[in-house]
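> Below is one structure. I have some questions about it.
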């Protein structure tokens, strides 16, 4: 085993390996983290597709969809039928499966690299900075994977007659607009996802640290650990939703239609920001608080359970 840069953490890892010789390490371990992250993100985002459909409609057409989350559900069903609530479910599952793998697997990987580089004690003392840097790095790569499928999803939701599903929608965008159209929203998606993910992981880690500071994690049953992860995830989701809401609204707008000939992404974003204003940037926030709070709580609960199921328990924690 290569040294982590800390005698203390090296001893912890060696002891853990001696007690559990079959615990996965290296690529095997991080692939399990990635699979657990892929499962938790695809299940939660896919399951909340109806909420996302209504939330996106509120953002894109607030004059029509002005009756809140419940009223928005009724409007969509009344105007387009119940099936419309599942618009974009294909790219949602596929996109967030990839994104979840990079996000959660990458977060664990980059966190370990910081521990290796600066040592366990220093990483623990500066753990907020480690969480921020690790989550930002992981999200950058996760967004590269997500962006084409998110662009397809938003086009399907905002233009219900555009295509029948993921494959046809993806192909139509590629044929009509070119590969660049898939990354027209890459700036906004980074602007949205990186602060969102940084807030999500830092607030979760701090909330979990507070919870497990009161109740020893090892003394809790698996069920109570899941409940604790749900609670910490809910707090993290609310915080992340508020931080990333303006960029989420801009992302929906920029992916709805292609820009004017010769118009760059930056100029399009400037026009959209001016049109929205502060109030417009937070259109659909109640729906998104419900959606993001619920899915983030679910993600951390499912992630924790699947890590145990996949025996992905070899990561080193730096929380006190």
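> Looking at segment 74-92, which of the residues that are crowded, with 20+ Cβ neighbours inside 10 Å and under 25 Å from residue 40 (Cα atoms) is modelled with the lowest pLDDT? Even if it seems obvious, please write down each step before you answer.
Narrowing segment 74-92 to residues crowded, with 20+ Cβ neighbours inside 10 Å: 76, 87-92.
Among the residues that remain, those that are also under 25 Å from residue 40 (Cα atoms) are: 87-92.
Details: 87: 84, 88: 80, 89: 86, 90: 85, 91: 83, 92: 84.
Among those that are crowded, with 20+ Cβ neighbours inside 10 Å and under 25 Å from residue 40 (Cα atoms), it is 88.
> Is there a residue in segment 113-132 that is closer than 25 Å to residue 52 by Cα and surrounded by 17 or more Cβ atoms within 10 Å (Cβ to Cβ)?
Taking segment 113-132 as the starting set, the residues that turn out to be closer than 25 Å to residue 52 by Cα are none.
Within segment 113-132 (the criterion being closer than 25 Å to residue 52 by Cα and surrounded by 17 or more Cβ atoms within 10 Å (Cβ to Cβ)), the answer is no, since none of the residues qualifies.
> Oh, and also: Considering only segment 134-142, I want to know if a residue exists there that is farther than 24 Å from residue 197 by Cα, without any contact (Cβ under 8 Å) to a residue 40 or more places away in the chain and either out of contact with any helix residue (DSSP H, G or I) (no Cβ under 9 Å at 6 or more places or on another chain) or in a helix (DSSP H, G or I) (or both). Show your work before the answer.
Initially, segment 134-142 is screened for residues farther than 24 Å from residue 197 by Cα, giving none.
Taking every residue of segment 134-142 in turn, none turns out to be farther than 24 Å from residue 197 by Cα, without any contact (Cβ under 8 Å) to a residue 40 or more places away in the chain and either out of contact with any helix residue (DSSP H, G or I) (no Cβ under 9 Å at 6 or more places or on another chain) or in a helix (DSSP H, G or I) (or both).
> Could you go through segment 3-19 and let me know if any residue there is closer than 28 Å to residue 194 by Cβ and at pLDDT 90 or above.
No, segment 3-19 contains no residue that is closer than 28 Å to residue 194 by Cβ and at pLDDT 90 or above.
> Find all pairs meeting these conditions: Cβ atoms under 9 angstrom apart; at least six residues apart or on different chains; first residue within segment 298-316 and touching a residue at least 40 places away in the same chain (Cβ under 8 Å) and on the phi > 0 side of the Ramachandran plot; second residue part of a loop (DSSP other than H, G, I, E, B) and exposed (fewer than 15 other Cβ atoms within 10 Å of the Cβ).
311/20; 311/22
> Now, a different point. So which residues in segment 276-296 are part of a helix (DSSP H, G or I) and under 26 Å from residue 43 (Cα atoms), if there are any at all?
Going residue by residue through segment 276-296, those that are part of a helix (DSSP H, G or I) are 276-281, 285-296.
Hits for segment 276-296 are 285, 286, 287, 288, 289, 290, 291, 292, 293, 294, 295, 296.
> Only one of 162, 201, 191 is touching a helix residue (DSSP H, G or I) at 6+ places or on another chain (Cβ under 6 Å) and without any contact (Cβ under 8 Å) to a residue 12 or more places away in the chain; which?
162
> If you scan segment 207-216, which residues turn out to be within 25 Å of the chain's Cα centre (by Cα) and free of Cβ contacts under 8 Å to residues at least 24 places away in the same chain? Before the answer, list the steps.
Within segment 207-216, the subset within 25 Å of the chain's Cα centre (by Cα) is 207-212.
Those that are within 25 Å of the chain's Cα centre (by Cα) and free of Cβ contacts under 8 Å to residues at least 24 places away in the same chain: 210, 211.
> Tell me, which residue of segment 53-65 that is in contact with a helix residue (DSSP H, G or I) (Cβ under 8 Å, 6 or more places away or on another chain) and in a loop (DSSP other than H, G, I, E, B) is modelled with the lowest pLDDT? Steps first, please.
Step one: filter segment 53-65 for residues in contact with a helix residue (DSSP H, G or I) (Cβ under 8 Å, 6 or more places away or on another chain), giving 53-60, 62, 64-65.
Okay, now just the ones that are also in a loop (DSSP other than H, G, I, E, B), so 62, 64-65.
Working: 62: 82, 64: 87, 65: 88.
Once the filter is applied, the top-ranked residue is 62.
> If I go through segment 301-317 residue by residue, how many of them are touching a helix residue (DSSP H, G or I) at 6+ places or on another chain (Cβ under 8 Å) and not in a helix (DSSP H, G or I)?
Looking only at that region, the number is 7.
The values are calculated or read from the model by the stated rules, or taken from the named source; none is laboratory data. For clarity, every value in this text was computed on a predicted model and none was experimentally measured. Because the Cβ atoms are built from the backbone with ideal geometry, glycine has one as well, and the counts that use them run over all protein chains shown.
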